Amino acid sequence: MIKVESLTKRYARTVAVNDISFEVEKGQIVGFLGPNGAGKTTTMRVLTCFLPPTAGTAKIVGFDVLKQPLEVKRRIGYLPETPPLYPEMEVVEYLTFVGKLKGIARADLKQRVEEVAERCAIGEYRYKLISKLSRGYRQRVGLAQAIIHNPDVLILDEPTAGLDPKQIIETRELIKGLAGDHTIILSTHILSEVEQTCQHVIIIDKGKLVATDSVENLTHRLRGSESVAVEIAPRDSALDPVLVRQRLEQVAGVSRVIQKDRRDSRLVFEVESQQGRPVRGELARAVVEAGWNLNELRPVALSLEEIFLALTAAEKADATGGAQ
Amino acid sequence: MRNTWTLYCKELKGYFSSWVGYVVIAFFAVIFGYFFYVATAIFVNSSFQSQMMGRGMPMDMNEWVIRPLMMNVSVIGLFVIPMITMRLFAEEKRSGTIELLMTSPVRDLEIILGKWLAATTFYAVILVISALNLAFVFIYGQPDWKPILVAYLGLLLQGGALLAIGAFISSMTRNQIIAAGGTFAVCLLLWVFEWLSSYETTALARAVSYASVLTHFEPFAKGVLDTRDMIYYLSAIFFGLFLTARSMESLRWRA
């Protein structure tokens, strides 16, 4: 669906995107992840033919962004960071205008406008001036604008930025609902968003590709060991942290025990074990047999935050290693 | 072509859905109304005088009322045009809607033509306001209508040329005030270039004076249709739109 090969975009002095390559399959939702200023928007602008690449190629449904921009533009829907709205227009008027621009046949236009208004839940605001809409509804109109011509590829630049929590959840659901019909790339600097909406993730930092993989694979790959959080409470007498730790370390397969917290008389430990070796059952038995209460036993998943930090840290280590 | 039409309708409607359009029309109507009143008052006065002095021939309305009025419209146009063109591209750049236009399956030229045609149409609407005043001249006298038509053609051509230049200036900035100021400065220069020919006759002075929009409007105001002047205006329109297209292209490569 989308094929990017060694894409580079250079501005006068800075390199915004540096030699990025990735591919996106049909029907996927791909999260484009990176801190602010990583080159997400620039990459998206290249994909939407707003900016030409300095070097490399980008193809959408087999059409090159530089050589066949009109064909590409017909097949993409784009929601920039700030929705491109005309405040002096009514919602329906605006969608009709965009529909015409995107080349929808006159006969189908009215129906399409109704459909997308319904789909983006802006039906009741149909005849309101866009300037009178709240931020969340403007975002929806922006999304409606992007899908009006039923594009193969949807490119959304920070679709949830600046929305309140309820609106964020609604927008995410909306985007998930659009997958399948469309291939979606959405950029964000919020990692939990990718975990919740995307199947695939592309991480960039300072214009360079850091990782591209499925969300699960990435978590799996980076996690050398698995860890479990254990909360233990005393039954009769107070707990001795050192003793408890020693007992936990004796469980077969455990590689490391770290005391994380102490709440009143309860103790919280994080127990790391070798990958692929289930230790939770053993741990539970060890705790109970020692005469303590087991309050909680919970696997700790490596969050994308940690993945991101780990990846960028690895990158930095490589860079300094290379310099030496 | 359909895209040009779509943008043309949107743009033209834009003039009438904000206060700018109405302010410009009102501004023009008041100023032109004043000039019209003064021109007819002087005309009436002097024709009374000439009758009392016993001159039999009635005074020529075209020469005494319409021609100076048309010259006035041409000058008021210089002030009105920056107000018409300032938002064309600057507003889209500021609000980010330019991204919508440039990522839609539309050619740059279609965008530019749609916008320029809408601006020219709006200018034509303003000219119609002035024609409403002239209707009174027809009620109370018998001026020749053919020179008037030629004068209006000239006004439209002059407007089109300056609007094309204004569109170019608007496409270079995201600030409407700068767009309006810049356009006004250029319009003013193109107007005062004409003065140079009044006291100098060197080749340079003649060339500079040739570049003035006013030099080429004078024949139109007299009712003279000269291809040289038409070519001047048409090439100015072409040049302005060409520069706008280049400016939009540079937006892609630079931004």
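Coordinate-derived values only; no laboratory data. Remember, predicted model here, so these are calculated numbers, not experimental data. We place every Cβ from the backbone using ideal geometry, glycine too, and count neighbours over all the protein chains shown.
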Check your understanding: Using a cut-off of 20 Å between alpha-carbon atoms, which lysines can reach residue B:146, once sequence neighbours fewer than 8 places away in the same chain are excluded?
Key -> B:222
Check your understanding: For the pair residue A:134 and residue B:9, how long in nm is the line joining their label points, each one 7 Å along Cα→Cβ?
Key -> 3.3 nm
Practice item. Order by neighbour count: B:10, A:67, A:110, fewest other Cβ atoms within 10 Å first, most last. Key: A:67, A:110, B:10
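Mind checking segment B:88-174 for GluC sites (Glu not before Pro) that DSSP puts in a loop (not H, G, I, E or B) and that have at most 16 other Cβ atoms within 10 Å?
Numbers: sites: B:91, B:92, B:99, B:110; in loops: none.
Hits after loop and neighbour filter: nothing returned.
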Check your understanding: Roughly what angle does helix A:165-178 make with the longest principal axis of chain A, taking Cα atoms, 0 to 90 degrees, to the nearest 10?
Key -> 70 degrees
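Provide the percentage of antiparallel DSSP beta bridges, counting only those with both residues in segment A:104-248; round to the nearest 5. Write down the numbers at each step before the final one.
Details: 6 of 12 bridges.
Taking every DSSP beta bridge within segment A:104-248, about 50 percent pair in antiparallel fashion.
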Exercise for review: Quick one: grab Rg to one decimal and Dmax as a whole number for chain B, Cα atoms only, in Å.
Suggested key: 20.2, 73
Practice item. Taking the Cβ of residue A:58 as the centre, find all other residues whose Cβ is under 12 Å away and add up their charges (Lys, Arg: +1; Asp, Glu: -1). Key: +2
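Let me check I've understood the local charge: for residue A:2, count other residues with C-beta under 10 angstrom from its C-beta, Lys and Arg +1, Asp and Glu -1. What total comes out?
Details: positive: A:3, A:26, A:59; negative: A:23, A:25, A:152.
Its environment carries a net charge of 0.
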Review point. Just for chain A, what percent of DSSP beta bridges are antiparallel, to the closest 5?
Key: 70 percent
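Please label the shape of the protein assembly as shown as rounded, prolate or oblate, based on the square roots a ≥ b ≥ c of the eigenvalues of the alpha-carbon gyration tensor (a/c under 1.5 means rounded; beyond that, a/b larger than b/c means prolate, else oblate).
On the way: a/c = 3.53, a/b = 2.96, b/c = 1.19.
Cα axes put the protein assembly as shown in the prolate bin.
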Point to revise | C-alpha center-to-center spacing [segment A:107-169, segment B:83-157] in angstrom | key: 33 Å
Practice item. With only alpha-carbon atoms counted, please give the Rg and Dmax of segment B:115-237, in Å. Key: 16.2, 49
Revision key, fill the gap. Output row, site residue A:293, 7 Å Cα→C-beta label point, backbone N cut-off 13 Å, window segment A:226-240, residues A:231-239
Practice item. Give the distance, in whole Å, between the Cα centre of segment B:168-237 and the Cα centre of segment A:1-70. Key: 44 Å
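Of A:26/A:206; A:132/B:115; A:166/B:115; A:176/A:208; A:132/A:206; A:40/A:102, which sit over 29 Å apart, Cα to Cα? Can you show the working numbers first?
Working: A:26/A:206 27 Å; A:132/B:115 26 Å; A:166/B:115 40 Å; A:176/A:208 27 Å; A:132/A:206 38 Å; A:40/A:102 24 Å.
Table pairs above 29 Å Cα-Cα are A:166/B:115; A:132/A:206.
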Study note, to complete from the structure: The extension gain from residue B:50 to residue B:76, computed as 0.36 nm times the residue separation minus the Cα-Cα distance, is 6.3 nm
Check your understanding: If each residue's Cβ is checked for other Cβ atoms within 10 Å, how do A:140, A:247 rank with the fewest at the top?
Key -> A:247, A:140
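Taking K and R as +1 and D and E as -1, what net charge do the other residues with C-beta under 13 Å from the C-beta of residue B:213 add up to?
Values: positive: none; negative: B:194, B:218, B:229.
That sum, taken over residues with Cβ under 13 Å, equals -3.
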Review point. Any idea what Rg and Dmax come out to for segment B:69-117 if you just take the C-alpha atoms, in Å?
Key: 14.6, 46
